[in-house]
1. Can you tell me how many residues in segment 30-67 are under 18 Å from the mean Cα position of the chain (by Cα) and open to solvent by 30 Å² or more (accessible area, probe 1.4 Å)?
2. So for segment 93-101 (the condition being under 30 Å from Trp13 (Cβ atoms), modelled with pLDDT of 90 or more and either of a type in the set (Lys, Arg) or touching a strand residue (DSSP E or B) at 6+ places or on another chain (Cβ under 9 Å) (or both)), does at least one residue qualify?
3. Could you list, in sequence order, the residues of segment 143-195 that are open to solvent by 60 Å² or more (accessible area, probe 1.4 Å) and under 20 Å from Gln88 (Cα atoms)?
4. Got a number for residues in segment 72-88 being assigned to a helix (DSSP H, G or I) and under 17 Å from Leu161 (Cβ atoms)?
Amino acid sequence: MDSLIDLSAPSLWFAAAAILFNPTFWNTAARTEYHNKTLTKLAGGNSLYACYGLAVTIFLLGLFRDFLYERALRAQPSHPLLANPGAQALSVGLLLSGNVLVISSMWALGVTGTYLGDYFGILMDEMVTGFPFSVTDAPMYWGSTASFLGTAIWFGKPAGLVLTALVAVVYKIALTFEDPFTAKIYAKRAAGGGSKERTEPKGGRTGPKGGVMKPKGA
């Protein structure tokens with residue numbers, strides 16, 4: 001086992017901690033905003049600015065997590081099975097497809113659609129059904145997971161495969177909390193409880209994250 005993964009390397013645990021922290025942070029922040037309008041109050045009562053502030057924070061945390069992940073991989077043992085032309089070609093394919101899913105979903109949804117705008121009362125009029133949501137309901141989550149996996153294979157690091165599995169599990173758990181909650185938000189609007197909420201005509205909703213938001217539920 002020691003020849004595959006160096007469990008004594010602090011960088012491995014820092015990367016794992018960041019992977020666990022990020023979705024915990026954005027879900028906690030979003031729910032706090034929804035129930036107490038905490039971020040909107042900090043933004044002087046402007047929910048749009050508050051949403052933008054959270055978006056910048058989540059984006060920077062994602063960059064820091066990716067930095068820790070790469071540093072962790074560099075400190076880990078490599079394995080020859082991951083260092084062959086076939087594996088390298090697979091890694092490139094995963095990186096390209098993962099980034100296409102993430103970038104195209106952000107392009108389709110915009111800032112507020114991507115970064116939890118519905119928790120700020122910035123709701124969508126209709127869901128996005130075109131690419132990449134025609135491929136998966138959670139393009140940002142699974143695109144990000146594919147990028148993690150592609151990076152692990154590119155560097156030939158078994159530890160990266162373990163960290164990628166952690167990413168997938170964390171995202172899956174996050175979706176089990178997020179989808180019902182966002183469905184509740186839209187159900188409230190459909191029942192007439194969101195008459196004062198702003199709408200964003202751009203389309204469906206995903207998070208920093210994934211899971212296209214359907215007005216009738218997720």
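1. Narrowing segment 30-67 to residues under 18 Å from the mean Cα position of the chain (by Cα): 30-31, 51-67.
Still in the list and also open to solvent by 30 Å² or more (accessible area, probe 1.4 Å): 31, 52-53, 56-57, 59-61, 63-64, 66-67.
Summing the residues that are under 18 Å from the mean Cα position of the chain (by Cα) and open to solvent by 30 Å² or more (accessible area, probe 1.4 Å) in segment 30-67 gives 12.
2. No, segment 93-101 contains no residue that is under 30 Å from Trp13 (Cβ atoms), modelled with pLDDT of 90 or more and either of a type in the set (Lys, Arg) or touching a strand residue (DSSP E or B) at 6+ places or on another chain (Cβ under 9 Å) (or both).
3. Listed by number, the residues that qualify are Trp154, Leu161, Val162.
4. Result for segment 72-88: 9.
Listed here are the residues, each with its yes/no results for (1) touching a Leu at 6+ places or on another chain (Cβ under 7 Å); (2) farther than 30 Å from Glu70 by Cβ; (3) of a type in the set (Gly, Ala, Ser); (4) in contact (Cβ under 8 Å) with a residue 12 or more places away in the chain.
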{"position": "Asn99", "(1), (2), (3), (4)": "no, no, no, yes"}
{"position": "Leu109", "(1), (2), (3), (4)": "no, no, no, yes"}
{"position": "Tyr115", "(1), (2), (3), (4)": "yes, no, no, yes"}
{"position": "Phe133", "(1), (2), (3), (4)": "no, no, no, yes"}
{"position": "Ala138", "(1), (2), (3), (4)": "yes, no, yes, yes"}
{"position": "Gly150", "(1), (2), (3), (4)": "yes, no, yes, yes"}
{"position": "Ala168", "(1), (2), (3), (4)": "no, no, yes, yes"}
{"position": "Ala174", "(1), (2), (3), (4)": "no, no, yes, yes"}
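The values are calculated or read from the model by the stated rules, or taken from the named source; none is laboratory data. Note that this is a predicted model, so its numbers are computed, not measured. So basically every Cβ, Gly included, is an ideal-geometry build from the backbone, and we count neighbours across all protein chains shown. All accessible areas refer to the heavy atoms of the entire protein, side chains included, with ligands and DNA or RNA removed. Shrake-Rupley method; radii C 1.70, N 1.55, O 1.52, S 1.80 Å.
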